[in-house]
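Right, one structure below, let's go through it.
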Amino acid sequence: MEQQIAYIAIAAALAWASGIRLYAVLFLVGLAGHFHWTGWDIPSQLAILSHPIVLGANALLLVVEFFADKIPAIDSLWDAVHTFIRIPAGALLAAGVISAQDGEAWALAAALLGGTITAGTHFFKAGSRAAINTSPEPVSNWLASFSEEVAVVGGLWLAIQHPAIFLLLLLLFILLVIWTIPRLYRFVRMIFTRLASLFSPARPPEILR
């Protein structure tokens with residue numbers, strides 16, 4: 001039972017963290033598997049992440065993402081593009097952990113749940129950063145970005161060392177996301193509506209007859 005909880009926590013953690021920093025997750029998993037850091041045997045489906053070429057590619061993308069995420073507006077553009085990358089990647093990572101233990105049916109279930117978790121995390125991050133970008137100063141953006149990186153590393157460590165605690169915190173996070181995302185959506189939509197009104201051509205005044 002404890003081993004099953006541990007694998008569920010790792011699968012959920014990889015999906016959750018992929019919605020925030022996908023390339024950091026891929027790089028850390030590959031690095032941990034290559035050097036056997038955590039004592040966790042990387043599943044065979046994810047062993048390719050330990051290959052030096054894949055590690056190098058992920059390291060390069062990690063550096064690009066690190067700097068892109070610190071620049072207001074660029075970070076939101078990066079998030080928008082990665083809507084189509086993070087979610088399927090998170091689903092595949094979750095499936096890769098579970099399929100090594102329980103077969104294809106559980107792997108498919110893990111992919112569906114993992115993709116959902118990644119989607120929730122991604123849209124929560126993207127919406128909150130879009131809201132933060134309405135502030136003219138860059139400090140809040142930098143603080144949010146560094147906080148996300150600390151959360152990813154801390155979350156992965158917690159999932160491996162204390163899986164039950166991680167799953168409990170993840171449940172609380174999911175409840176927060178469910179409560180927050182509709183409000184973030186309305187706020188971001190309001191911002192884009194105002195921006196559209198600023199750049200739309202002004203209507204000529206009506207001539208009084």
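Things worth noting here:
- Neighbourhood net charge (14 Å Cβ-Cβ; Lys/Arg +1, Asp/Glu -1) for residue 72: -2
- Multiplying the residue separation of residue 105 and residue 131 by 0.36 nm and removing their Cα-Cα distance gives an extension gain of 5.4 nm.
- Distance (nanometres) between label positions extended 7 Å along Cα→Cβ at residue 139 and residue 74: 2.2 nm
- For the chain, radius of gyration divided by Kirkwood radius, i.e. Rg to Rh on alpha-carbons: 1.08
- In Hz, Karplus ³J(HN,Hα) per residue of the stretch 14-22 (6.51, -1.76, 1.60; θ = phi - 60°; x = Gly, Pro): 5, 5, 4, 5, 5, x, 10, 9, 4
- A helix-only calculation puts the chain at -27500 deg cm²/dmol for mean residue ellipticity at 222 nm, using -39500 (n - 2.57) for each DSSP H run of at least four residues, averaged over all residues.
- Between 72, 182, 88, the Gaussian network model of the chain with springs among Cα atoms under 10 angstrom shows the greatest mean-square fluctuation at 182.
- Whole-Hz Karplus values for the stretch 90-96 come out as x, 5, 5, 5, 4, 5, x Hz, taken residue by residue from phi with 6.51 cos²θ - 1.76 cosθ + 1.60 and θ = phi - 60°; glycine and proline positions read x.
- Highest-first packing order for the peptide set 46-54, 4-12 is 4-12, 46-54, based on the mean count of other beta carbon atoms within 10 Å.
- For the chain, the longest principal axis of the alpha carbon atoms and the long axis of helix 163-199 meet at an angle near 20°.
- Pairs of Cα atoms farther than 14 Å apart, the stretch 103-158, %: 68 percent
Here, each number is a calculation from the coordinates, and none is a lab measurement. Note that this is a predicted model, so its numbers are computed, not measured. Quick reminder, even Gly has a Cβ in these numbers, built from the backbone with ideal geometry, and neighbours come from all protein chains shown.
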